1. Just to be sure before I move on: is Ile170 of a type in the set (A, V, I, L, M), closer than 18 Å to Gly61 by Cα and at pLDDT 85 or above in the structure I sent?
2. For residues that are in a strand (DSSP E or B) and buried (at least 18 other Cβ atoms within 10 Å of the Cβ), tally how many sit in segment 130-177.
3. Looking at Leu297, Leu324, Leu301 in this structure, which one is touching a strand residue (DSSP E or B) at 6+ places or on another chain (Cβ under 8 Å), surrounded by fewer than 20 Cβ atoms within 10 Å (Cβ to Cβ) and of a type in the set (A, V, I, L, M)?
4. Within segment 342-369, count every residue that is polar (S, T, N, Q) and assigned to a loop (DSSP other than H, G, I, E, B).
5. Within segment 269-294, work out how many residues are in a helix (DSSP H, G or I) and touching a strand residue (DSSP E or B) at 6+ places or on another chain (Cβ under 7 Å).
6. Which one is nearest to the chain's Cα centre (by Cα) among residues in segment 332-350 that are among the small types (Gly, Ala, Ser) and under 19 Å from Ile362 (Cβ atoms)?
7. Between residues in segment 178-198 that are on the phi > 0 side of the Ramachandran plot and residues that are modelled with pLDDT of 85 or more, which pairs lie under 6 Å by C-beta distance while being six or more apart or on different chains?
8. Applying the selection to segment 38-72, what residues are in a helix (DSSP H, G or I) and in contact (Cβ under 8 Å) with a residue 40 or more places away in the chain?
Amino acid sequence: MSSSSRLYKTQKTRKIIQRLIILNSLRSSNYSTIRDLLEQTGDLGVITIISRKGSVPRLPGTRMLLTVDGRTFGTVGGGFVEADAVHAAAEVLSSHKNRILQYTSVPGSVLPDDIICGGSLEVLVEYLPADPYHRQLIGDFVRLQDRRQTPVMVVPLPNDRGSGLRRFFISADGSVHGTPPEGQVSQINDAVRTIKRPGIISTGSNPFLLEPCPPQSRLFICGAGYIAAETAPLACHLGFRVSVLDDRDNLLDQDVFCGVERIPVTSYETCLQAIPVDTATSILIVTRSHAFDLQVLRQALKSHAGYIGMIGSRHKWKTLSSVLLHEGFGDDDLKRVCCPVGLKIGADSPEEIAISIAAELIRFRSELQ
């Protein structure tokens, strides 16, 4: 392939990825999107998988949104189930009456209208009004998430008695935000302390969906070269909160980093010192020299980062790991480092390497859940 053809291919790929970033930001169903839509478009129909058995496309807690003008955000797996749930959400937006839908696999069923995966699921279809109460509640919830806190949303489920309860949430310190049901806060709080994934509890006659919301996975990319230019937008599209660090302003100013936090640094030797790093944080080391990589790696190993990946060959890793062992780092420290970075898929070009890195990041994130 000629150099001009490669350049065209790279530019075309970057434009596609940039469009995917924009599309992802518009199609997301996270609480930031809910907050924005409540403010901008009004009431919402919220479709949430609340339980499942067997094989189904998505897990409990997966959510989809429907606006009053018919736009959808997110997906609960597509196909017949999603189409039927969206239709129900339009009715709920009109009636203001929440519903629970049940879908069960029928042995020997055939396409297109039956579920043949072998599983069953329950789906909550909820009317979420854009009133002051819910706008304030969701706004406060998102602010806590932005501070890397882990609030738990409590969603009342419809039952025969039509309780008329409203959403509220409980923050990590146990404080309650919103209007909880009288006499049931203690039971709900006890359940919140132990729940790790979305699940249903009952207190008295009232069932609730508890929705834990761990911090969004963060990715710090140290180095803004070719690999970062491909990996950053892809990771954004996959739902990571991405920051790129470099000491070269001209690289940070590239259009490919649109929508990514850009952090100029004066020295790689101290570039991570002022950055909050927790176990949901990934650090990708792709600087322009082995010496800079080593400077960043020392800091990463002293942090709580859950994932540390570094570009390079096995020979490079053998050389740098020997240096680190001599400096006092242990074998357990070195086992935290993925080098060569990325899943082994035969990647060669920057675009392919970015995909292999993204796959490894997805695996790490899934292990946190």
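The values are calculated or read from the model by the stated rules, or taken from the named source; none is laboratory data. Note that the coordinates shown come from a computational prediction; the quantities given were computed from them, not determined experimentally. Neighbour counts run over all protein chains shown; Cβ positions are idealised from the backbone, glycine included.
1. Spelling it out, Ile170 is indeed of a type in the set (A, V, I, L, M), closer than 18 Å to Gly61 by Cα and at pLDDT 85 or above.
2. 9
3. Answer to the check: Leu301.
4. 2
5. 1
6. Among residues in segment 332-350 that are among the small types (Gly, Ala, Ser) and under 19 Å from Ile362 (Cβ atoms), the one nearest to the chain's Cα centre (by Cα) is Gly342.
7. Listed by first residue and then by second, the contacts come to Gly178/Leu137; Gly178/Phe168.
8. Across segment 38-72, the qualifying residues are Leu38, Glu39.
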